[in-house]
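Participant: Got a structure for you, written out below as structure tokens; questions coming shortly.
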Amino acid sequence: MTTNPDDRNPSPDHAEDNAFFPSPYSLSQYTSAKTDYDGTTYPNPYQGDKRILMIATDERYILMQNEKFFSTGNHPVEMLLPMFHLDNAGFAFDVATLSGNPVKLEMWAMPNEEQVVLDTYKKYEKQLKAPLKLADILEQALSADSPYAGIFIPGGHGVLAKIPESKEVKQLLKWAIKNDKYVITLCHGPASLLAAAVDEDPQDYIFKDYQICVFPDSLDKGANIDIGYMPGQLPWLVGENLEKLGVEILNKGITGQVYQDRKLLTGDSPLASNNLGKLAATTLLADPNLQ
């Protein structure tokens, strides 16, 4: 049975009632067997002991406004290409989810001809399938001798599930800002920044007046539905909620744009994965506090 690449109907996911993967047409537009990785490596990697804590989603399904489930997770390029750059630059990763359940990946977006991505997946596969439970490592992560140089939250619509309401993520974000640590995120990953506003006065929001790149709401309201990437309207929009808290969004489209505002590094889409990885790696390698 062949798949019609012009089919704009979301594809049924038979593992769940009324659940859908992106349409064949949307995948032909949004995914590729290769990325724009340009061969960059880091001949003088970091020699210290600080690691990066990656907070990934453990949720596969987002319930849309029309009661259909969107079958999603973390986008593999948005996760694995920045991981490759940081790992190649000498920074090891710990992987955590809110529950300790396995990381969910949008495997339909895996670039099967991009060796550095495939190699990074293989290297961290055991950690992705048996991650740490965030609550179990929180005390150590927040301690004065924290093992982490920063946190990385990859994108994919799955980030919208629970992470933006997590008080544990909130504590980590506040720790990062207070202690001059890095926060690295892209595409829908900046939804995680909403966690810092949980039970807080909006006027005290720690990312107020920050400038970021994020996946545009206009695409989630329009093209992503029109071409069948999603089976309906999202329950809420990332950019809209960040702007309500005083965050300034720099990008209108998806061009691979990245931006650094203080220790917050962001990118606009999967197209920013390589650029964000390079920005993160070179920035951390140049940090005198990490020498």
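The values are calculated or read from the model by the stated rules, or taken from the named source; none is laboratory data. Every value quoted in this text rests on a predicted model; they were computed, and no experiment measured them. For neighbour counting, all protein chains shown are included, and Cβ atoms are generated from backbone atoms with ideal geometry for every residue, glycine included. The accessibility values were calculated without ligands, DNA or RNA, using every heavy atom of the protein model including side chains. Shrake-Rupley method; radii C 1.70, N 1.55, O 1.52, S 1.80 Å.
Participant: Scan Lys170, Lys162 and give me the residue that is touching an Asp or Glu at 6+ places or on another chain (Cβ under 9 Å), among the charged types (D, E, K, R) and closer than 12 Å to Ala56 by Cα.
Facilitator: Working: Lys170 fails: closer than 12 Å to Ala56 by Cα.
Answer to the selection: Lys162.
Participant: Could I ask something else about it? For the stretch 2-29, what are the residues that are crowded, with 20+ Cβ neighbours inside 10 Å and in a loop (DSSP other than H, G, I, E, B)?
Facilitator: Once the filter is applied, which keeps residues that are crowded, with 20+ Cβ neighbours inside 10 Å and in a loop (DSSP other than H, G, I, E, B), the stretch 2-29 yields Pro10, Pro22, Ser23.
Participant: Could you check Tyr124 against (1) farther than 21 Å from Ala15 by Cα; (2) in contact with an Asp or Glu (Cβ under 7 Å, 6 or more places away or on another chain) and say which number it fails?
Facilitator: (2)
Participant: Okay, next question. List the helices (runs of 4 or more DSSP H) that sit entirely inside the stretch 156-234 and contain at least 1 residues that are polar (S, T, N, Q), open to solvent by less than 10 Å² (accessible area, probe 1.4 Å) and on the phi < 0 side of the Ramachandran plot. Please lay out each step first, then the result.
Facilitator: On the way: elements: 167-178, 217-221, 223-226.
Ranges flagged: 223-226.
Participant: Test Asp94 against the stated conditions and say whether it is acidic (Asp, Glu), farther than 25 Å from Val258 by Cα and surrounded by fewer than 23 Cβ atoms within 10 Å (Cβ to Cβ). Even if it seems obvious, please write down each step before you answer.
Facilitator: Details: acidic (Asp, Glu): yes; farther than 25 Å from Val258 by Cα: no; surrounded by fewer than 23 Cβ atoms within 10 Å (Cβ to Cβ): yes.
No: the conditions fail for Asp94.
Participant: Another question, then. Could you list, ordered by first residue, the pairs with Cβ atoms under 8 Å in which the first is in the stretch 259-280 and at pLDDT 95 or above and open to solvent by less than 10 Å² (accessible area, probe 1.4 Å) and the second is of a type in the set (D, E, K, R) and not in a helix (DSSP H, G or I), at least 6 apart or interchain?
Facilitator: Asn274/Asp36; Asn274/Asp38
Participant: Could you list, in sequence order, all residues of the stretch 1-47 that are closer than 22 Å to Asn112 by Cα, out of contact with any Lys or Arg (no Cβ under 6 Å at 6 or more places or on another chain) and among the polar types (S, T, N, Q)?
Facilitator: Matches in the stretch 1-47: Thr2, Thr3, Asn4, Ser11, Ser26, Ser28, Gln29, Thr31, Ser32, Thr35, Thr41.
Participant: Within the stretch 41-49, is even one residue in a loop (DSSP other than H, G, I, E, B), modelled with pLDDT of 95 or more and under 21 Å from Ile137 (Cα atoms)?
Facilitator: Just the residues of the stretch 41-49 that are in a loop (DSSP other than H, G, I, E, B), to begin with: 41-49.
If we keep only those that are modelled with pLDDT of 95 or more too, we end up with 41-49.
Cutting the leftovers down to under 21 Å from Ile137 (Cα atoms) gives us 48-49.
Yes, the stretch 41-49 contains at least one residue that is in a loop (DSSP other than H, G, I, E, B), modelled with pLDDT of 95 or more and under 21 Å from Ile137 (Cα atoms).
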